[in-house]
Structure formats: C-alpha cells, structure tokens
Amino acid sequence: MSLNFCFIGAGNLATHLATALNEKAGKVTQVYSRTEDSARLLAQKLNASYTTSTKGITSKADVYFVALKDSAVSEVLAEIDFRNKLVVHCSGSLPMSVLKDFSSNYGVLYPLQTFSKTRIVDFADIPVFVEANNPNNEEFLNSLARKISGKVTTLDSAQRKSLHIAAVFACNFVNHFYALAADFLESQHIPFDVLHPLILETARKAQEMTPKEAQTGPAVRFDENIINNHLQVLEKYPEKQALYNLISRSIFEHHQKK
C-alpha cells in the first residue's frame, strides 16, 4: 500500500525530509506553510498540492509530519483535526508529549543533520532517531525511517534533547566560530578560504580519534605568551577577545581532567 504524507512546514528540514520520503517511502500529497512562496516551491518540487490555511489541510493523509519552529507547533496543531491519524514532529528538543492532545497516534522522526535548501544531502548516511507513543507506531516509524536512512535508532525525548544540545555545540557553535574567523580575516584583508584545508583536517581528525586527542593549539598547554599576545591583538574586537579568553580557559581546564 502506498502511503500518503502531509507536511506541515516547508523549511530546510521539511524540504529534505519530504524529498527523501517522496522518493523512497510513499507520496507527499500536500504541503502546508503560512508562507505561500515556501509552500508553493516545495509543493512544486514534490508534485503536490499546497495550502496556507490550516482549514485547507487534507484529512486523507496517512502520516502528518510537523516541521515547524518549536514555538509554533502547539498553536498550529490546535487548529487541525487529525482524526487520530499518525502525527510526527521532527524536532530535536520538543518532547513527544506535545503531540498527545492532537491525536491518539503520535511520534517523532528526528534526522540529525544541518539542512539548507540549496545543499544536496544523502539521507542514507543521516542518523534518524525515532520515538512513538505505542509499540505499533514505533515499529511503523522505524520501518519508515529505514526506507530513507541506513542509521535508524529509537531514542526517548530526554536522550534526544541531550543529542540536540551536543549537535548545537558540534555544528551551530562551531559554524559561528567560522563566521567570526571569516569576519576577522576580512578585517585583515585575508580570504577565508585559506582556512578550508585546516577545517577539513580538523573534521577528519574528530572522526578518526577522540576530539580530546585531536585538540591542538596554545590553549591545551595554556601557553600564556601566545595567548596574551593574541588577546592583545584582539583588543579592538572585545567580543572576540572575550570568547577567545573564555574558550582558551575551557580547553585548558578540559585537558586537566583525567
């Protein structure tokens, strides 16, 4: 039996997940978004219909995927009658329980990856984490997830939140440091791409040894001559200076632990 999916949300994650499901697991028949351009563009990509009104959301989907910002989930879902169909959110931080008032069948399907609409990703390599409110729904979501990913794990809400926190450190914070480095290099008329080989090798090392073993630089041994010299240069950039000092001390203290 071919499954029909409805996507509530049309952002980065929704775009990639809907595309993967549409190719390998069933048919996305409708996309909802408050923003018409986003809804229309994703619907066109999937050959689906779209709506910008919660009253226009189909009642005929087998699974409703909720890919909204966390603060909007309850507000939007309260306007929809799911008729106890399976409702699945895709958030790293929201507990599964936020869905219990909207259907008797609910769960979570959380892909651990950074998504941008313009970037192509291979879902087969993306870890997907599943949770459901009963064994039947859990078995169904695991089976569905395995159609798009080779790395599927059942994880409860508390564990998933911890995973999301770790992902913020490993991805969002790291990328912010890239942005700070790019800004600083631009102020010195140096192109950011000179750091590309360093960034790639750092990422490779983190996969081949523990991050603690891979750590290098003056902060590991707290080389005060280099650190103080760098802090002096950064006096014109107080926010960067404060972060440099804070992170250097954090690295040193982390490496003093047995």
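The values are calculated or read from the model by the stated rules, or taken from the named source; none is laboratory data. A quick note: this is a predicted structure, and the numbers were derived from the prediction, not measured. Note that we place each Cβ from the backbone using ideal geometry, even for glycine, and neighbour counts take in every protein chain shown. For the accessible areas, the whole protein counts, side chains as well, though only heavy atoms, and no ligand, DNA or RNA atoms are used. Shrake-Rupley method; radii C 1.70, N 1.55, O 1.52, S 1.80 Å.
Some notes on this structure:
- Residue in region 100-120 that is over 14 Å from residue 14 (Cα atoms) and of a type in the set (A, V, I, L, M) present: no
- Residue check, residue 124 open to solvent by less than 50 Å² (accessible area, probe 1.4 Å), small (Gly, Ala, Ser) and closer than 21 Å to residue 171 by Cα: yes
- Hey, residue 149 among the small types (Gly, Ala, Ser), modelled with pLDDT of 95 or more, under 16 Å from the mean Cα position of the chain (by Cα) and crowded, with 17+ Cβ neighbours inside 10 Å or not: yes
- Listed by position, the strands (runs of 3 or more DSSP E) contained in region 8-72 that have at least 2 residues being more than 21 Å from residue 104 (Cα to Cα) and open to solvent by less than 40 Å² (accessible area, probe 1.4 Å) are 27-32.
- Set 108, 76, 98: member being touching a residue at least 60 places away in the same chain (Cβ under 8 Å) and over 19 Å from residue 22 (Cβ atoms): 76
- Tally, over region 148-206, of residues that are under 26 Å from residue 238 (Cα atoms) and among the aliphatic types (A, V, I, L, M): 13
- Residue pairs meeting the criteria (Cβ under 7 Å; at least 6 apart or on separate chains; first open to solvent by 50 Å² or more (accessible area, probe 1.4 Å), in region 153-173; second β-branched (Val, Ile, Thr)): 154/130
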